[in-house]
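Just so you know, all these numbers are worked out from the coordinates, no wet-lab data involved. What you see is a predicted model, and the numbers here were worked out from it, not measured in a lab. Neighbour counts run over all protein chains shown; Cβ positions are idealised from the backbone, glycine included.
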Amino acid sequence: MIDVSEKLIMQPVPIDRQQALVERLTTACGGAYSPETRRKYYISGPQWAAAYQGQALFHAPTREPVGFEEVIRRLGQLGIRCWTTHDTDVIPTETLGTGAQWETVARIKKSLEENNVQCSMVTTETFHHAVFAASPAAEAPEVREYAAGRLRNTVKIGHELGASYAVYWPGSLGYQVQGAIDETQTLKWYAEGLNAACEQDIQTAAEKNRPTLKHCLEAKPFEPAAEILLPTSDAMLAFIHSGLLTHPEMVGLNPEYLHELMWGAAPRAALARVLLCGKLFHFDINDGYRLKHDVDIAIGLVNPLDWLNVLVLLRSYGYTGPFNLDYKPPRTTSNWGVFSVSLPTAVDRFITLWEMAGEVISDPIISEATDALKAGGGAIGKPVGEIVSANKELLTLHELISHRLFQILIGQHRGRTYSL
């Protein structure tokens, strides 16, 4: 008798046929959007995501380096309309602020124009280089002076490239051992750097007859410092309103979905608090796990239902800022796979979830349920016991709404069922 299991074993796939296999299976998945459709959405592709080589604390690189010309060219082909970058993603640290820097910036502008891509955001690397070992707000005044110069320089680059946003991630603003720093003074020093960036922005914007940038703080609860001084979006909001900033109206937030999730929070609730303060300027989109490290998985691959809820919130309250693909393509993906699978599928999942969020908002069942909950049971002015009784059955609608969200997520509201 022939062992059926042996017939199911696939033969080794030769190297020269592997890309064709991936392409065929990707096409078989369906659900892809055209570059023209993707350009309708304010999605940005970071240089650091596309060029990520798979390296980490315990991981060697698994991919070859990729320059900005290739990244911008491929973003244009895919229909990702915006590109973002750290200063040192594209300019060596030692040439920042020199003539060589502006030669590189000119090449970037040329590449952007040739590929119909815009630069939407720039950010400053104030965490990787050894000079920032004690953070950009270190005790040594020369470190703080250098950090402020880097921030001012990034603002100039941003204006030259036509960006609208500048993002700052103070992940090294903290300490490894207790008692090593004065937290209050460190926060004051950090504010001085942001103030320098805003002053430079006002000056450069006037010279170029452009609007000032939106300056965005990005919180993260863990790593690289053991204890971080501004670990959450709520901490950032308090810092903005602390009185330390000379232009607090210019400074808002760039929350990252996973950074809020990492410490056990609900990203949707965190975003709601930022929206209420009018400070949701920019949004980094990815996915991951609670109480874990910063795995930066692409959107929707871990928490699709939560992501649907997040986008319902943002659509309901009129968020029109960028969605920045701040994630790391897996180490198991090839250089070719980054542009053939990682980036396009991440964009397409976002578009699908965004449009699903529109379905949620217009769904008659959810609308009637939420309206009924808001109307209540008509017991205003009645004794507390009657108030409880008047709403007891209505509150069951909470679970029904959640079930309806699940139905929309899997297409069950359109008739998708399984027969066993």
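Shape call for segment 49-103 from the C-alpha gyration tensor, a ≥ b ≥ c root eigenvalues: rounded (a/c under 1.5), prolate (a/b greater than b/c) or oblate? Oblate, since a/c reaches 1.5 and b/c is not below a/b. Where Lys and Arg each count +1 and Asp and Glu each count -1, what net charge lies around Lys110 among other residues with Cβ under 15 Å from its Cβ? Around Lys110, the charge tally is -3. Segment 364-414 has equivalent-ellipsoid semi-axes of 28, 10, 5 Å, by the square roots of 5 times the alpha carbon gyration tensor eigenvalues, sorted largest first. Of the trypsin sites (Lys or Arg not before Pro) in segment 373-407, the ones in a loop by DSSP (not H, G, I, E or B) with at most 13 other beta carbons within 10 Å are Lys392.
If the viscosity is 1.567 mPa s and the temperature 4 °C, what Stokes-Einstein diffusion coefficient in µm²/s follows for the chain when Rh is the Kirkwood radius over Cα pairs? Roughly 55 µm²/s, to the nearest whole number.
Taking label positions 7 Å along the Cα-Cβ direction at both Thr417 and Lys382, the computed distance is 3.7 nm, reported to one decimal. Would you tally the net charge around Gln407, using a Cβ to Cβ cut-off of less than 10 Å, leaving Gln407 out, and scoring K and R as +1, D and E as -1? Once all neighbours under 10 Å are counted, the net charge is +2.
Close amide H pairs (under 5 Å, H built 1.01 Å from N) link Thr123 with Thr85, His86, Asp87, Val167, residues at least 5 positions away or on another chain. Dimensions of segment 18-83 based on its C-alpha atoms, expressed as ranges along the principal axes with the largest first, amount to 38, 29, 19 Å. The modelled label-to-label distance for the pair Thr352/Ala272, using points 7 Å beyond Cα in the direction of Cβ, is 2.7 nm.
Rounded to the nearest whole Hz, the Karplus-based 3J(HN,Hα) values (6.51 cos²θ - 1.76 cosθ + 1.60, θ = phi - 60°) of segment 188-200 follow the sequence 5, 5, 5, 4, 4, x, 5, 4, 5, 5, 5, 5, 5, with x at glycine and proline.
Rounded to the nearest 0.05, what FRET efficiency do Glu103 and Ala60 have when you use their Cβ-Cβ distance and R0 = 30 Å?
On the way: r = 32 Å, r/R0 = 1.07.
Step by step, r from the Cβ atoms, then E = 0.40.
Ordering Leu325, Thr88, His128 by the projection of their Cα atoms onto the charge dipole of segment 33-362, which places +1 on the Cβ of Lys and Arg and -1 on the Cβ of Asp and Glu, puts Leu325 at the extreme positive end. Among Ala138, Ala272, Ala375, the residue with the largest mean-square fluctuation in a Gaussian network model of the chain, with springs joining Cα atoms closer than 10 Å, is Ala375.
When the Gaussian network model of the chain links Cα atoms closer than 10 Å, the mean-square fluctuations of Pro344, Pro170, Pro65 top out at Pro65. Each residue in Leu275, Leu229 was given a count of other beta-carbon atoms within 10 angstrom of its own, and listing them fewest first yields Leu275, Leu229.
Distance in nm between label sites at Thr184 and Gln118, each 7 Å beyond Cα in the beta-carbon direction? Reported label-point gap for Thr184 and Gln118 is 4.4 nm. Other residues within the sphere of radius under 14 Å centred on the Cβ of Val167, judged by their own Cβ, net out at -4 (K and R +1, D and E -1).
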